[in-house]
1. Test Leu160 against the criterion of being surrounded by 13 or more Cβ atoms within 10 Å (Cβ to Cβ), assigned to a helix (DSSP H, G or I) and among the hydrophobic types (A, V, I, L, M, F, W, C), and give yes or no.
2. What number of residues within the range 12-60 satisfy the criterion of being basic (Lys, Arg) and modelled with pLDDT under 95?
3. Across the range 115-157, which residue is nearest to Val18 (Cα to Cα) among those that are of a type in the set (S, T, N, Q) and assigned to a helix (DSSP H, G or I)?
4. What pairs come up if the first residue lies in the range 96-118 and is closer than 14 Å to Ala50 by Cβ, the second is aromatic (Phe, Trp, Tyr) and assigned to a helix (DSSP H, G or I), and their beta carbons are under 6 Å apart, counting only those six or more places apart or on different chains?
5. Has the range 105-116 got at least one residue that is closer than 20 Å to Ala14 by Cα and buried (at least 19 other Cβ atoms within 10 Å of the Cβ)?
6. Go through Asp149, Asp106, Asp132 for me and flag whichever is over 17 Å from the mean Cα position of the chain (by Cα) and modelled with pLDDT under 90.
Amino acid sequence: MNSDADAEPPDPMAVRAVALQKVLEQDFPAIERGINDFLALRGGMVAATAAVRGAIEALRRHIYVEHEFVLPPLQRAGKNGPVVAMSSDHLELWRTMDEMEQSLADGSSPKTQQQTCQILRAELDQHMSREDPIVFRHVAEVLTAQDEDDLRDGIENAVLPPGWVCSDVRTE
């Protein structure tokens, strides 16, 4: 019979990885909600448009935070495969967000806007499914205590600088 006293203590690295993953994913529910509200036209077109614009703003900020606070420590640790994979996903998402914002600004047909938003949703779903096994498992290994503090501060306080765009880490 096993008792709690016989149980091995949790792996501190695994506990840290889960905590960091929660920090990094905290924006996703609001982002997903904004995209889903637009796809369902929840609250009518004006409200749905505001919701997806808010989601795009939050996703752009999230990408900025990852590029500033997560990818550099991974690169320094030689985890170039995960960095390139996430950077590629971020570029794809960034371009689709540009297309979505353009379709809203130029008054594209609702059908075109919905299709673009569906593409954004699919890309985000794919990114999220890849981010966990590709990046999050490495984050706890490589982030120093200072990196982790910077990341938490960035998530809480970072503002997307005007004109900042997602770049391809392979060309930096």
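The values are calculated or read from the model by the stated rules, or taken from the named source; none is laboratory data. Since the model is a prediction, treat every value here as computed from it, not as a measurement. Don't worry about glycine lacking a Cβ; one is built from the backbone with ideal geometry, like all the others, and counts go over all protein chains shown.
1. No; evaluated as a whole, the condition is false for this residue.
2. 2
3. Ranking the qualifying residues of the range 115-157, first place goes to Ser129.
4. Correct list of pairs: Cys117/Phe38.
5. No, the conditions are met nowhere in the range 105-116.
6. Just one listed residue meets the conditions, Asp149.
Every residue, every condition in (1) loosely packed, with under 15 Cβ neighbours inside 10 Å; (2) touching a residue at least 40 places away in the same chain (Cβ under 8 Å); (3) farther than 17 Å from Gln118 by Cα, yes or no:
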| residue | (1), (2), (3) |
| --- | --- |
| Ile31 | no, yes, no |
| Asn36 | no, yes, no |
| Leu39 | no, yes, no |
| Thr49 | no, yes, no |
| Val52 | no, yes, no |
| Ile56 | no, yes, no |
| His62 | no, no, yes |
| Glu68 | no, yes, yes |
